[in-house]
Amino acid sequence: MFWKDFENLCKHRLLFDADFVTADCKDIFQKCLKGKERSLTFKQFSGLLKDVAQHKHCFVEVIECQILGVPKPGRTHKKSDAR
């Protein structure tokens, strides 16, 4: 996946908010790349989602569900809500 593809995915799935803006997203994406790579493998993409979740202070499952467009029943959105 290339940067522009991921940026569009984040826009369409409404991942951007006051605490997670395009610049944050691009920084996280760039850190997942190795060397002079321009695109991510599936394994790197999985790590990228974990990094986005960490930045947004939520569980990776929340990000995955947002990307897939399905609700995650029985799970709070913020890590601070978990007990």
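Every number in this text was worked out from the coordinates using simple rules, so none of it is lab data. Here the structure is a predicted model, which is why all the values come from computation and not from measurement. Heads up, the Cβs are rebuilt from the backbone with ideal geometry, glycines too, and the neighbour counts pull from every protein chain shown.
The calculated 222 nm mean residue ellipticity attributable to helices in the chain amounts to -16500 deg cm²/dmol, summing -39500 (n - 2.57) over DSSP H runs of n ≥ 4 and dividing by all residues. Remark: region 2-12, residue by residue, has Karplus-estimated 3J(HN,Hα) of 8, 3, 4, 5, 5, 4, 5, 4, 4, 5, 5 Hz, where x stands for each Gly or Pro and the curve is 6.51 cos²θ - 1.76 cosθ + 1.60 at θ = phi - 60°. Computed over the chain with a Gaussian network model linking Cα atoms closer than 10 Å, the most mobile of 36, 26, 56 is 36. Taking other C-beta atoms within 10 Å as the exposure proxy, 63, 28 rank 28, 63 from fewest upward. By the compact-protein rule of thumb, 2.2 N^0.38 Å, the alpha-carbon radius of gyration of the chain corresponds to a ratio of 1.08. Taking label points 7 Å from Cα along the Cα-to-Cβ direction, residue 20 and residue 3 give a separation of 1.9 nm. Karplus-based coupling profile of region 17-31, in residue order and whole Hz: 8, 4, 9, 9, 9, 4, 4, 4, 4, 5, 4, 5, 4, 4, 5, with θ = phi - 60° in 6.51 cos²θ - 1.76 cosθ + 1.60 and x standing for Gly or Pro. Considering only the other residues whose Cβ falls under 13 Å of the Cβ of residue 18, what net charge follows from Lys and Arg at +1 and Asp and Glu at -1? So the environment of residue 18 carries a net charge of -2. Summarising the amide proton neighbourhood of residue 58: residues at separation of 5 or more, or on other chains, whose placed amide H is nearer than 5 Å comprise 79.
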